[in-house]
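Heads up, the thing below is written out as structure tokens.
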Amino acid sequence: MAGTDSFYSWRQESTPGGTRPVRWGLRMLALQGRALAAALSPSERYATAEFLGIELPPSIKDGELIDAMVTAAGKRRDAVVAEPDRPCALQENLNLLQRKLDLSPIDLDVIAFRALLRVHDGFEELAGAYIKLCPDYVFYSRLAAVLDSSPDAIAHALHRRGKLVGTGLMDVPIGIAGPLAARLTLYRGLESSLFLHHRSTDALFGALLPPSRKARLDLEDYRHLIDEVRLLRSYLGRALRSEELGGNVLLYGDPGSGKTELAAALAASLQCALYPVSSRNEYGRQTTPRDRLTLIGQTQKLVHLAGNGVVLVDEAEDLFPTVWSDPEKIPTKIAVNECLETNPTPTIWISNRVKHIDEAFLRRFDLVIHVAPLPAKAKGVLLNSELPAATLEDAELRAYASCRQLTPAVLNRMARVAHCSPVDSPADVRRNLRILSSHYLETLGVRPMPNFGAAPQLKHDLALLNTDVPLQPVIAGLQHSRNGARMLLHGLPGTGKTAFGMALAEQIDRPLLQRQASALLSCFVGETEKNLRDLFDEARRDGSVLLLDEADSFLRSREGARARWEVTQTNELLTQMEAFDGIFLCTTNRLDDLDTAALRRFDFKVKFEPLRLDQRIRLIGDCCSVLGLQQVNDGELRLRARRLDGLTPGDAAAVLRRLQIIEDTTTREALLDALADECRYKPNASRPMGFVQ
């Protein structure tokens, strides 16, 4: 017997839980005796005997093995009951939970019972054979017998309004006759944390909660949503201070539009932690939406206990049931409604789409906010933070950030992959980034980024726009105003109409949605009108500056229309313009052809003309900088500039491309000659007469 005692002492010191699970196991054998031992296989009997600290003779008949097990268990029971528990991590953590949550002894026993199932193989096999598959009331009775309690006390402890479920420590599905592991579910991570030493309750809860999501942007980066952000922050701040239930916010928008970053920025501004609920279990496997909703409810309760936190549910679209949902995997409508109405912690739900979400769910959200794509400046901040210093020049960074298809998530992934170069120098990362973005955009059918590593180009300079309306006051007004504007930009080709639209979007830090009229026209009846509606809907949804080139294709005078569909296209565009409250720009080279009803709908009609003399001199200086020539503003330059009637920024761009192709070394004289040649092709340009050269 002394050998048995020393064996059991070693088992107690080396196995978590102390004598508690052994007492429960011996009680089960006392209650059912031979029937319980007979329900175990021979290998399970030896595993159970090792767990209980009893020795069984090897290689004996099945009936004799059962009798030996029952007899040895009876002898061990009296000794174990009389022996006190030794200190262990499980008991220390149960004490921490009891002090924090005021749990009853039976609550603590239930937690320990579930936690110890997977720790001792013999205990799990013995408990499973004792409790079996049974309805709830039988389950309560058998568990009560094991824990030396009453069925009513067990039913009270496992009730939906009891502290175990109410605090999120445990979930107890009702009405299932499944295995023990499914009937009692501990919060993810609690089982492991109970067997580790923690200095305090805060340390224990800190180990249970997921790592908080850190912010990489601040609310200033969401100036395109200034009113929405102000409302969101006020609401979340009040929800954190109050004890009201059901605080829910739904943020939706296109993938990569910065929804999760906005949630993190809101939490950071409120100086609270943001706890994302994972879609994977503690073993790294993908959970079903039903199981994830259970985890969300438990996390909300634990965050409420920890204090000053917001729960984040990313990719929430799969949690809402539809008529096509699999009832075995998708939560029920009642379960979702209960989670939305009773959660004790402010929760931000994020979804890429909402059209499939039933209105009964949507009305339970206090705030439903569409998150338009991040402004280019904020996207540039995120991209720059992922790259080595001095990887991209300012113009390159702006180009990547301004591309609508390159969302923050896509740019972040490309930046990580671009670091795969063996040397990982800024030049290599820059080259890799261009390769990745070009192939990605080509896959989407979008024109790739310009090759900034090639010959330098002219920058967009608003000082090189010659208009009859001052543009800077207009830009300043739009930058600080929430009102929209409709602008008609007309004039000769190359005068900078489209360039102004790009510069405007960049200066007011809004995404640019640019379309050619030819891309919207369709040969099918009604398709062009649908394309126009979709275009304005997209701009409205994303808060974009909408730039429509070649607008005369839609805005021609209806008096000269030869077909009915021409009239309906014009009518559709005018209708969409009236309903659009954003910034809408149209460009055209043919003002005289436009419908008079269309003209009166524009707030600004801006004429773009060829450059004035001072602008020509400035443009020549910019060209010299691009070509690496010395800039000399002398009389000869002014004389030559006077002769460049009709010169536009578009002409200079064409000349630069030509010179950089055919000239190894370019002089200022060659530049001026090339500009003069370009101007000779203007329709109204003066040409030398006779023998004058």
- How much accessible area per residue does the stretch 244-302 have, in Å², with a 1.4 Å probe? 38 Å²
- Task: Provide, in order from the shortest bin, the percent of all Cα-Cα pairs of the stretch 345-472 in each 10 Å bin, continuing until the bin that contains the maximum pair distance.
- Result: 10, 31, 25, 19, 12, 2
- Once the Cβ-Cβ distance between LYS530 and ARG447 is put in as r, and R0 is 22 Å, what FRET efficiency do you end up with, to the nearest 0.05? 0.40
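Which value, in debye to the nearest 20, gives the size of the charge dipole of the stretch 330-476 about its Cα centre, when Lys and Arg are +1 and Asp and Glu are -1 at the Cβ? Don't jump to the answer; show the numbers that get you there.
Working: 16 positive and 14 negative charges, 53 e Å.
It comes to approximately 260 debye.
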- Starting from the Cα-Cα distance between GLN479 and ALA409, subtract it from 0.36 nm times their residue separation and give me the gain in nm to one decimal. 22.5 nm
- With +1 at each Lys and Arg Cβ and -1 at each Asp and Glu Cβ, the charge dipole magnitude of the stretch 297-409 around its Cα centre, to the nearest 20 debye, comes out at 240 debye
- Item | Positive-end residue of PRO58, LEU90, ALA203, charge dipole of the chain with Cβ unit charges | ALA203
- For the stretch 223-314, run through the trypsin sites (Lys or Arg not before Pro) and keep only the ones in DSSP coil with at most 14 other Cβ atoms within 10 Å of their Cβ. ARG285
- Note on the structure: For the pair GLU50 and ARG241, the simple spin-label estimate (label points 7 Å beyond Cα toward Cβ) gives in nm 6.0 nm
- How big is D for the stretch 459-507, in µm² s⁻¹ as a whole number, if Stokes-Einstein is applied with the Kirkwood radius of its Cα pairs at 37 °C and 0.692 mPa s? 283 µm²/s
- Query: Which value in nm describes the separation of the simple spin-label points at ASP227 and VAL323, placed 7 Å from the Cα toward the beta carbon?
  - Reply: 3.6 nm
- Query: So what is the relative contact order for the stretch 70-191, in percent, with contacts set as C-alpha pairs under 8 Å and at least six apart?
  - Reply: 21 percent
- Item | Ratio Rg/Rh, restricted to the chain and using Cα atoms, in which Rh is the Kirkwood radius | 1.17
- Query: Can you pull the percent of the chain's accessible area that's carbon plus sulfur, 1.4 Å probe, other chains left in place?
  - Reply: 52 percent
- Query: What are the trypsin sites (Lys or Arg not before Pro) within the stretch 167-202 that DSSP puts in a loop, where the Cβ has at most 15 other Cβ atoms within 10 Å?
  - Reply: ARG199
- Note on the structure: Under the helix-only model (-39500 (n - 2.57) for each DSSP H run of 4 or more, divided by the residues of the chain), the mean residue ellipticity at 222 nm, to 500 deg cm²/dmol, is -15500 deg cm²/dmol
- Take the cross-link list LYS333/LYS355; LYS355/LYS530; LYS132/LYS301; LYS497/LYS682; LYS259/LYS333; LYS259/LYS497 and give me the ones stretching past 22 Å between alpha-carbons. LYS132/LYS301; LYS259/LYS333; LYS259/LYS497
- Message: About the Cα centre, and with charges only on the beta carbon of Lys, Arg (+1) and Asp, Glu (-1), how big is the dipole of the chain? Nearest 20 debye, please.
- Response: 580 debye
- Stretchable slack from ASP67 to ARG161, in nm (0.36 nm times residue separation minus alpha-carbon distance): 29.5 nm
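Given a Förster distance of 35 angstrom, what is the FRET efficiency for ASP136 paired with ALA207, based on the Cβ-Cβ distance and rounded to 0.05?
0.65
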- Counting only heavy atoms of the protein chains, get the accessible area per residue of the stretch 120-160 (1.4 Å probe) and round it to a whole Å² value. 45 Å²
- Query: Quick one: length gained pulling LEU639 to ASP152 fully straight, 0.36 nm per residue minus the C-alpha distance?
  - Reply: 165.0 nm
- Task: For the stretch 331-418, state which trypsin sites (Lys or Arg not before Pro) are in a DSSP loop and have at most 12 other beta carbons lying within 10 Å of their beta carbon.
- Result: ARG353, LYS355, ARG363
- Taking the alpha carbon gyration tensor of the stretch 146-252, what are the square roots of 5 times its eigenvalues, largest first, to the nearest whole Å? 38, 19, 14
- Query: Nearest 0.05, what FRET efficiency do ASP461 and ARG657 give at R0 = 25 Å with Cβ-Cβ as r?
  - Reply: 0.90
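The values are calculated or read from the model by the stated rules, or taken from the named source; none is laboratory data. Predicted, not measured: the structure shown is a model, and the values here were computed from it. So basically every Cβ, Gly included, is an ideal-geometry build from the backbone, and we count neighbours across all protein chains shown. When the accessible area is computed, the model is the full protein with side chains, heavy atoms only, and any ligands, DNA or RNA have been set aside. Shrake-Rupley method; radii C 1.70, N 1.55, O 1.52, S 1.80 Å.
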